[in-house]
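Contents: one structure, followed by commentary.
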Amino acid sequence: DLNGIVIESNQRGADMFGYSMDEFVGMSAEALIAPSEIANRRQRRKALMVEEIVPIYERMALHKDGTLFPVEVNSSLGYDVEGKPAYTFSILRDISERKQAEESLRKSEETAREFQEKLTTLLEVNLELSRVESLDELYRRAIELGVERLGFDRLGLFRFDDSETKTMVGTYGIN
């Protein structure tokens, strides 16, 4: 109704919030949303009452068990036979899965961006190492750049001779 009381719903609406139909009908809309959303709900209700168009929006709904879940809301006014506002009509859609997919995509994009940055840094390190003039300098710079540019906190290189026994002849590294 115009005061935000659920006067009618389909079963899916009651199920979405975890209530039976008998419990759901008669509830205040404010009991079905996160407390932090109440002021915003009141602003949108005022806009509807002066017959402004309220675009579809998202809000956090409150399940019977106390958990919050995201919903998409489409609200409009319903009119009586004289053309006067008689009730608000709202369609809510649980968008939890969409939000989870968006978060997964965001994390995947962040991982890809970080990977690309590391590849770029690795290329820069490789180019710098290609300019060194001796093996000792190569080993030393590889360790330094591994720490400075690639972010390794431990790094070591082990040198072996070319014989069949592969005897270690030197190490370079940090602890």
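The values are calculated or read from the model by the stated rules, or taken from the named source; none is laboratory data. All values derive from a computational prediction rather than experimental measurement. Virtual Cβ from ideal backbone geometry, glycine too; neighbours counted across all protein chains shown. Keep in mind that these areas ignore ligands, DNA and RNA; they rest on the heavy atoms of the full protein, side chains included. Shrake-Rupley method; radii C 1.70, N 1.55, O 1.52, S 1.80 Å.
Numerical summary
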read-out: Segment 123-139 residues that are part of a helix (DSSP H, G or I), paired with ones that are of a type in the set (Gly, Ala, Ser) and surrounded by fewer than 13 Cβ atoms within 10 Å (Cβ to Cβ) (beta carbon under 8 Å, 6 or more apart); value: 139/170
read-out: Hits in segment 148-165 - residues which are assigned to a loop (DSSP other than H, G, I, E, B) and either exposed (fewer than 10 other Cβ atoms within 10 Å of the Cβ) or aromatic (Phe, Trp, Tyr) (or both); value: 151, 152, 153, 154, 162, 163, 164, 165
read-out: Hey, residue 16 surrounded by fewer than 14 Cβ atoms within 10 Å (Cβ to Cβ), of a type outside the set (Val, Ile, Thr) and in contact (Cβ under 8 Å) with a residue 24 or more places away in the chain or not; value: no
read-out: Which listed residue is part of a strand (DSSP E or B) and among the hydroxyl-bearing types (Ser, Thr, Tyr), from 9, 75; value: 75
read-out: Selected residue (criterion: farthest from residue 14 (Cα to Cα)) from residues of segment 83-122 that are among the small types (Gly, Ala, Ser) and out of contact with any Pro (no Cβ under 7 Å at 6 or more places or on another chain); value: 112
read-out: Flag for residue 138 being over 30 Å from residue 56 (Cα atoms) and surrounded by 10 or more Cβ atoms within 10 Å (Cβ to Cβ); value: yes
read-out: Members of segment 35-72 that are modelled with pLDDT under 95, aliphatic (A, V, I, L, M) and under 23 Å from residue 23 (Cα atoms); value: 38
read-out: Number of the exception - residue 81 against (1) open to solvent by less than 100 Å² (accessible area, probe 1.4 Å); (2) among the β-branched types (Val, Ile, Thr); (3) more than 24 Å from residue 32 (Cβ to Cβ); value: (1)
read-out: Any pair with Cβ under 7 angstrom, 6 or more apart, that starts in segment 80-98 at a residue that is within 16 Å of residue 50 (Cα to Cα) and ends at one that is of a type in the set (D, E, K, R) and open to solvent by less than 80 Å² (accessible area, probe 1.4 Å); value: 86/80; 87/1
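Every residue, every condition in (1) open to solvent by less than 100 Å² (accessible area, probe 1.4 Å); (2) touching a residue at least 24 places away in the same chain (Cβ under 8 Å), yes or no:
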{"site": "24", "(1), (2)": "yes, no"}
{"site": "28", "(1), (2)": "yes, yes"}
{"site": "41", "(1), (2)": "yes, yes"}
{"site": "45", "(1), (2)": "yes, yes"}
{"site": "59", "(1), (2)": "yes, yes"}
{"site": "74", "(1), (2)": "yes, no"}
{"site": "118", "(1), (2)": "no, yes"}
